[in-house]
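Heads up, the thing below is written out as structure tokens.
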Amino acid sequence: MILDNHSAHISRETRAWLADQPADRFKFTFTPKHESWLNLVEDFFSKLARSILRHIRVSSKQELKERLMAAVDYFNDDPVVHTWTYNLDKAA
């Protein structure tokens, strides 16, 4: 599960509930306090819109899907990897 550092995610109640769960049932990844993981998603869609979708004309939904999937494949050819190393202890 990817969580931001909202107080409900790191509260005493949440920690107590987690302590009662089977070991390794959940793995939590907390986004850094200074950066939202949603920014990465927003950046991707912005790049997609600027590089692929702006000023195009398509004749069908299928053509649009094909162009979008080709763009995703192109972006995935040279991926940018983001690694978070944030855990619950650091979030509190």
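The values are calculated or read from the model by the stated rules, or taken from the named source; none is laboratory data. Every value quoted in this text rests on a predicted model; they were computed, and no experiment measured them. Note: areas computed on protein heavy atoms with side chains; ligands, DNA, RNA excluded. Shrake-Rupley method; radii C 1.70, N 1.55, O 1.52, S 1.80 Å.
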field: Reachable aspartates and glutamates, given that their alpha-carbon falls under 19 Å from the alpha-carbon of LYS47 and they are not under 8 places away in the same chain
entry: GLU35, GLU66, ASP73, ASP77, ASP78
message: As a test question: what accessible area, to the nearest 10 Å², does ILE52 have when a 1.4 Å probe is rolled over all protein chains in place?
response: 50
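Quick check: with the 1.4 Å probe, what order do PHE26, PHE45 take by accessible area, largest first? Each step should come with its number before you reach the end.
Details: PHE26 70, PHE45 120 Å².
Listed by decreasing accessible area, they come as PHE45, PHE26.
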- line: Which residues qualify? For LEU3, with a placed amide H closer than 5 Å and at least 5 residues away or on another chain, they are THR29, PHE30, THR31
